[in-house]
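Below you'll find the structure, written out as structure tokens, and then a few comments.
What follows draws every value from the coordinates through simple rules; no lab data is involved. Remember, predicted model here, so these are calculated numbers, not experimental data. No Cβ is skipped: glycine too gets one built from the backbone with ideal geometry, and neighbour counts run over all protein chains shown.
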Amino acid sequence: MKTYRAGCQRTWQIASDESDLAYTDQAFPECPTCPHRVEPEGEGRGEAAPFCTLRPVGTPHPFAALAGLLDGLE
């Protein structure tokens, strides 16, 4: 079991080895306006539901390494 965390800081214990998971239930009152919510768009998306990404606790955001990129270019 791993502990996964959403952008809203809620956590879930889930038996998975995935580096991130899509939370599609959107069961909390703030989910429709949450800044971490992803709205699939574009052609061919079909009936894709909005989702939030769950990441294992302690795992950096996949784009965290890009945060200081511009500092290194100056």
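For the reader, a short list of remarks on this structure follows.
- Gyration tensor verdict on the stretch 1-53 (Cα atoms; rounded if a/c is under 1.5, prolate if a/b is larger than b/c, oblate otherwise): oblate
- Ranked packing of 47-53, 26-32, most packed first, by mean Cβ within 10 Å: 47-53, 26-32
- Highest to lowest packing among 14-20, 55-61, scored as the average C-beta count within 10 Å: 55-61, 14-20
- Inter-site label distance for CYS8 and VAL57 at 7 Å from Cα along Cβ, in nm: 1.8 nm
- Within the shell defined by Cβ-Cβ distances under 12 Å, the residues around THR11 carry a net charge of +4, with Lys and Arg each +1 and Asp and Glu each -1.
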